[in-house]
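We did not get these values from a lab; they are worked out from the coordinates using the rules stated. If you're wondering where the values come from, they're calculated on a predicted model, not measured in any experiment. Because the Cβ atoms are built from the backbone with ideal geometry, glycine has one as well, and the counts that use them run over all protein chains shown.
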Amino acid sequence: MEYYKTDYGWALGEEGQPPLGKIVVSENSASHLVIEHTEVDPSLQGRGHARQLVMLVVSEARSEGKLIVPRCPYSARLLGRDSELMALIAQS
């Protein structure tokens with residue numbers, strides 16, 4: 001099982017198979033990544049996979065010099081708990 005980039009964001013599982021977890025990301029401008037949705041199969045919940053999916057977007061935002069718009073409640077909570085990560089949240 002691995003994390004891999006998709007056309008909608010990132011996924012967890014084996015490429016070519018239905019994902020066991022995913023994070024849906026879009027761009028609303030040249031400088032913002034929007035986290036629309038995060039989900040992990042119930043059999044894998046509680047193992048840190050959703051957090052890792054969000055952190056992949058964090059890494060992507062940092063490397064591209066972008067801010068994050070966390071529309072997904074899970075990602076908003078995760079980013080809001082850490083002052084370093086909060087700095088990546090786009091202010092409206």
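Going by the conditions given, is L33 assigned to a strand (DSSP E or B), touching a helix residue (DSSP H, G or I) at 6+ places or on another chain (Cβ under 6 Å) and closer than 27 Å to G13 by Cα? Spell out the reasoning first.
Working: assigned to a strand (DSSP E or B): yes; touching a helix residue (DSSP H, G or I) at 6+ places or on another chain (Cβ under 6 Å): yes; closer than 27 Å to G13 by Cα: yes.
So L33 passes the test.
Look at the range 34-55: where a residue is under 10 Å from S75 (Cα atoms) and a partner is hydrophobic (A, V, I, L, M, F, W, C) and part of a loop (DSSP other than H, G, I, E, B), sitting 6+ places away or on another chain with Cβ atoms under 6 Å, you get I35/C72; H37/C72; T38/C72.
Among the residues making up the range 2-24, those that are within 30 Å of Q91 (Cβ to Cβ) and either touching an Asp or Glu at 6+ places or on another chain (Cβ under 7 Å) or touching a residue at least 60 places away in the same chain (Cβ under 8 Å) (or both) are G21, K22, V24.
Hey, could you check the range 2-19 for residues that are at negative phi and not in a strand (DSSP E or B) and say which is farthest from the chain's Cα centre (by Cα)?
First, pick out the residues of the range 2-19 that are at negative phi: 2-8, 10-12, 14-15, 17-19.
Next, only the ones that are not in a strand (DSSP E or B) stay: 6-8, 14-15, 17-19.
Details: T6: 12, D7: 13, Y8: 11, E14: 18, E15: 18, Q17: 20, P18: 18, P19: 14 Å.
The qualifying residue farthest from the chain's Cα centre (by Cα) is Q17.
Quick check on my filter: what residues within the range 20-30 are surrounded by fewer than 18 Cβ atoms within 10 Å (Cβ to Cβ), in a strand (DSSP E or B) and in contact with a strand residue (DSSP E or B) (Cβ under 8 Å, 6 or more places away or on another chain)? If the condition is that a residue be surrounded by fewer than 18 Cβ atoms within 10 Å (Cβ to Cβ), in a strand (DSSP E or B) and in contact with a strand residue (DSSP E or B) (Cβ under 8 Å, 6 or more places away or on another chain), then S26, E27, N28 are the ones that fit. Of the residues making up the range 36-90, those that are among the charged types (D, E, K, R), under 14 Å from the mean Cα position of the chain (by Cα) and in a helix (DSSP H, G or I) are R51, E60, R62, R77.
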